[in-house]
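The values are calculated or read from the model by the stated rules, or taken from the named source; none is laboratory data. This is a predicted model, so every value here is computed, not measured. Every residue, glycine as well, gets a Cβ built from its backbone with ideal geometry; the counts of neighbours run over all protein chains shown. Heads up: the accessible areas ignore ligands, DNA and RNA and are worked out on the full protein's heavy atoms, side chains in. Shrake-Rupley method; radii C 1.70, N 1.55, O 1.52, S 1.80 Å.
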Amino acid sequence: MENFEELRRLMVQTQIIPRGISDKKVIDTMLKVPREKFIDEKFYNDAYGDHPLPIGESQTISQPFMVALMTEHMKLTGSEKVLEIGTGSGYQTAILAELSKEVYSVERISVLYEKTKSILSELGYKNIFLFNDDGSQGLKKHAPYDRIIVTAAADKIPQPLIDQLTEGGRIVIPVGERFSQDLTVADKIKGSLKIHNYGGCVFVPLVGKHGMS
Ligand code: SAM
């Protein structure tokens with residue numbers, strides 16, 4: 001059996017810190033959350049590899065560095081209500097739950113939703129609330145949110161997500177074309193978005209009513 005704790009330490013030392021992640025709370029969380037629990041046993045020897053891995057249904061668990069980078073951009077202090085679109089494996093969800101007050105996460109594929117629900121409950125997270133729905137429409141029932149993260153690519157920031165963000169809130173989302181996007185961070189200030197781009201990334205498309213056309 002692999003020494004996962006040691007592999008986590010190596011991941012942080014070789015993939016996360018050298019690429020510029022410096023928020024200690026994000027680093028400590030990457031050292032803590034067991035990525036192997038979110039993947040199939042057949043990928044165990046690659047659990048902390050520097051790349052995404054398949055999670056079934058043609059979807060992926062994101063590259064560890066991308067998870068750390070998006071989390072750092074979320075600027076969480078511990079008191080936030082977070083909306084995540086694209087639960088996938090639940091790994092990013094768990095990282096967010098460690099750093100915020102509560103996480104509402106939406107996954108459109110029911111097989112992944114069911115599987116992830118049981119993994120996160122086995123791990124004992126009480127501040128994660130999962131939903132099986134089209135997250136491109138947000139999650140109006142529990143809005144507004146202090147932070148929103150989308151882990152699938154859109155061609156523009158979906159309007160319902162902008163509407164469901166609090167004043168002063170922040171959204172982190174890959175925006176662009178099918179195979180090439182910019183990691184986009186937008187702050188809602190006096191009702192408008194102040195947008196910054198943080199370089200290229202490639203995510204599976206956000207599907208749904210306000211998803212990629
Ligand atoms: N952060 C996840 C992780 O670490 O496992 C990776 C998520 S994967 C790259 C993107 C996920 O977004 C997939 O599970 C996909 O089914 C989901 N997705 C795509 N469109 C969606 C939508 N409209 N609503 C909810 N989930 C969606």
Complete set of residues in region 162-199 that are within 15 Å of the chain's Cα centre (by Cα) and among the hydrophobic types (A, V, I, L, M, F, W, C)
Ile171, Val172, Ile173, Val175, Leu183, Val185
Which ones in region 68-102 are of a type in the set (S, T, N, Q), more than 7 Å from the ligand (Cβ to nearest atom) and in contact with a helix residue (DSSP H, G or I) (Cβ under 6 Å, 6 or more places away or on another chain)?
Thr71
The number of residues in region 103-130 that are of a type outside the set (D, E, K, R), farther than 23 Å from Ala186 by Cβ and touching a Leu at 6+ places or on another chain (Cβ under 6 Å) is 1
Quick check on this structure: which one of Glu84, Glu80 is within 25 Å of Gly208 (Cα to Cα) and surrounded by 19 or more Cβ atoms within 10 Å (Cβ to Cβ)?
Glu84
Test set (1) within 24 Å of Gly90 (Cβ to Cβ); (2) away from the ligand (no atom under 16 Å from the Cβ) - His196 fails condition number:
(1)
Restricting attention to region 35-50, report how many residues are farther than 20 Å from Thr87 by Cβ and either touching a residue at least 40 places away in the same chain (Cβ under 8 Å) or open to solvent by 50 Å² or more (accessible area, probe 1.4 Å) (or both).
7
Of all residues in region 132-188 being within 11 Å of the ligand (Cβ to nearest atom) and part of a loop (DSSP other than H, G, I, E, B), which is nearest to Tyr104 (Cα to Cα)?
Leu139
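Under the condition of being more than 11 Å from the ligand (Cβ to nearest atom) and not acidic (Asp, Glu), which residue from region 45-67 is farthest from Glu2 (Cα to Cα)?
Taking the candidates together, the pick is Phe65.
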Considering region 181-198 alone, what residues qualify as being open to solvent by less than 30 Å² (accessible area, probe 1.4 Å) and either touching a residue at least 40 places away in the same chain (Cβ under 8 Å) or not charged (D, E, K, R) (or both)?
Gln181, Leu183, Thr184, Val185, Ala186
